[in-house]
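Beneath this line is the structure, given in structure tokens, with notes to follow.
Values quoted throughout were computed directly from the atomic coordinates according to the rules given, and no laboratory measurement underlies them. Just so it is clear, the structure is predicted and the values come from calculations on it, not from any experiment.
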Amino acid sequence: MNNFHVYEAIGRGKHSTVYKGRKKKSIEYFAVKSVDKSQRSKVLNEDKKLPENSIHDLAYDLVKALQCRNL
Ligand SMILES: Nc1ncnc2c1ncn2[C@@H]1O[C@H](COP(=O)(O)OP(=O)(O)OP(=O)(O)O)[C@@H](O)[C@H]1O
């Protein structure tokens, strides 16, 4: 967190608050999610889950990219 300037809250989740953030010494902006420590594992596990169609789309793109390389 020391690498970011954190500005105003831009959203709230069930167990978290999302802030506007900027990486220090850059003009890159990020959404910075702040989670209560007691809810951390729950939120991290939720964010790891991708919808099934996203996984399918990623797999399709990967296969296409590999096919292009082998041409
Ligand atoms: N990348 C982003 N850019 C802008 N706003 C965002 C971004 N990510 C989250 N937000 C805002 O923060 C809100 C809550 O974020 P998020 O979707 O992570 O919540 P959640 O998954 O429902 O909650 P939790 O993780 O606490 O269970 C969103 O509804 C949205 O308004």
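Extension gain, Phe30 to Lys42: 0.36 nm times the residue separation minus the Cα-Cα distance gives 2.1 nm. Taking amide H as placed 1.01 Å from N in the peptide plane, Phe4 has its amide H under 5 Å from the amide H of Lys24, each at least 5 places away in sequence or on another chain. The phi-based Karplus calculation (6.51 cos²θ - 1.76 cosθ + 1.60; θ = phi - 60°) puts the 3J(HN,Hα) values of region 31-36 at 8, 10, 9, 10, 10, 4 Hz, whole numbers, x for Gly and Pro.
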